[in-house]
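The values are calculated or read from the model by the stated rules, or taken from the named source; none is laboratory data. Given the structure is predicted, the values throughout are model-derived calculations rather than measurements. Here the Cβ positions follow ideal geometry from the backbone for every residue, glycine too, while neighbour counts run over all protein chains shown. Just so you know, the surface numbers come from the protein's heavy atoms only, side chains and all, with ligands and any DNA or RNA stripped out. Shrake-Rupley method; radii C 1.70, N 1.55, O 1.52, S 1.80 Å.
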Amino acid sequence: MSSREAETLANRPSARTGLEARRLARAGYRGHTAGMAPGYVQGNLVALPEREAFDFLRFCQRNPKPCPLLAVSEPGDPRLPTLGEDLDLRTDLPRYRVWREGVLVEEPSEIGAFWRPDLVAFVLGCSFSFEEALVAGGVPLRHLERGCNVSMYRTSIACEPAGPFRGPLVVSMRPLSPADAIRAILITGRFPAVHGAPVHLGDPGAIGIADLARPDYGDPVPLEPGELPVFWACGVTPQAVLAAARVPFAITHAPGSMLVTDRRNAEYALP
């Protein structure tokens, strides 16, 4: 671990619960949420005008690996009581992204000025949620050890389209030994609500990734000799889709800066 990584890890605030993580975001925390509030479900955010919401709902239903739905709001309502009572989608994520015509135009720390009465918010499962089970199962996760974000890549795999929504699958990558990769497949397969089992392992070129050292989102996480890159479907996929579809207006989370909920990971685990 470099001195910079050690400093980042040492200075990173801790949160024991989803509520504590949300309060950190309200108080000004602007980093990623990997490893925060272990045991609590994290989610990706997509907020769209109501006229696009039904097509996006169909997109999620057709692409459950990258877009597992946890909750959908009423139009204009920034609350999601099923995910947390003291929860406000406008303030409770560390960083957001604002999109116009498929172009990223701003990355604000709160979105009160952008919120509209016709916005429908979707919260999708996040792979940060199953990391608690991986660590408990003895699978080491290098991005957590280094205190950095996970690596994420656009692939050559096309999502199933719905209305204007079409584009590439995005994946997150964790470097693992072959034995740990097998263990990770078995563990994460029990969590379909937060992406489930990997979609690919091994040769990144087979899914259109040219250089693991240059992720499209997040931080580079190096492979050590003898390790395999293991790829999971990622909730950043809608951001690649928004760009490809040139949707007039949308708000998302910034990659790695998630909504941490009051739901427990164990609630979503299969027997």
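Taking H placed 1.01 Å from N in the peptide plane, check which residues at least 5 places from residue 263 or on another chain put their amide H under 5 Å from its amide H.
41
When the helices in the chain are scored as -39500 (n - 2.57) per DSSP H run of 4 or longer and the sum is shared across all residues, what 222 nm value do you end up with, to the nearest 500 deg cm²/dmol?
Counting only the DSSP helices, I get -6500 deg cm²/dmol.
Rounded to whole Hz and in sequence order, give me ³J(HN,Hα) for region 253-270 from the Karplus expression 6.51 cos²θ - 1.76 cosθ + 1.60, θ = phi - 60°, writing x for Gly and Pro.
Coupling constants for region 253-270: 6, 7, x, x, 9, 9, 7, 9, 9, 8, 6, 9, 4, 4, 5, 9, 7, 6 Hz.
Roughly how many percent of the accessible protein surface of region 7-74 is carbon and sulfur, given a 1.4 Å probe and a whole-percent answer?
Reported share for carbon and sulfur atoms: 52 percent.
Could you work out the relative contact order of region 1-145? I mean the mean sequence separation of Cα pairs under 8 Å and 6+ apart, divided by the number of residues, in percent.
31
Which whole-number percentage describes the relative contact order of region 129-182, with Cα contacts under 8 Å and a sequence gap of 6 or more?
Once divided by the residue count of region 129-182, the mean separation gives 34 percent.
Taking amide hydrogens as modeled 1.01 Å from N in the peptide plane, which residues meet the under 5 Å criterion relative to residue 176, leaving out close sequence neighbours?
228, 230
Provide the per residue accessible area, probe 1.4 Å, for the chain, rounded to a whole number of square angstrom.
I get 41 Å² per residue for this part.
Quick one: Karplus J couplings for region 223-228, per residue in order, coefficients 6.51, -1.76, 1.60, θ = phi - 60°, nearest Hz, x for Gly and Pro?
8, 9, x, x, 8, 10
Place a +1 charge on the Cβ of each Lys and Arg in the chain and a -1 charge on the Cβ of each Asp and Glu, then give the dipole magnitude about the Cα centre in debye, rounded to the nearest 20.
With Lys and Arg at +1 and Asp and Glu at -1, about 100 debye.
Taking C-beta distances below 4.7 angstrom as the pairing criterion, name the unpartnered cysteines of the chain, in sequence order.
Cys with no partner Cβ under 4.7 Å: 126, 148, 159, 234.
Classify region 158-271 as rounded, prolate or oblate, taking a ≥ b ≥ c as the square roots of the eigenvalues of its Cα gyration tensor: rounded when a/c is under 1.5, otherwise prolate if a/b is larger than b/c and oblate if not.
Verdict is oblate for region 158-271.
Can you give me the long-range amide H partners of residue 219? Hydrogens built in the peptide plane at 1.01 Å from N, cutoff under 5 Å, separation of 5 or more residues or another chain.
HN-HN under 5 Å from residue 219: 149, 150, 151, 152.
Which whole-Hz couplings ³J(HN,Hα) result when phi for each residue of region 45-57 is put into the Karplus expression 6.51 cos²θ - 1.76 cosθ + 1.60, θ = phi - 60°, listed in order with x for Gly and Pro?
10, 9, 10, 9, x, 4, 5, 9, 5, 5, 5, 5, 4
So what is the relative contact order for the chain, in percent, with contacts set as C-alpha pairs under 8 Å and at least six apart?
Here the relative contact order equals 31 percent.
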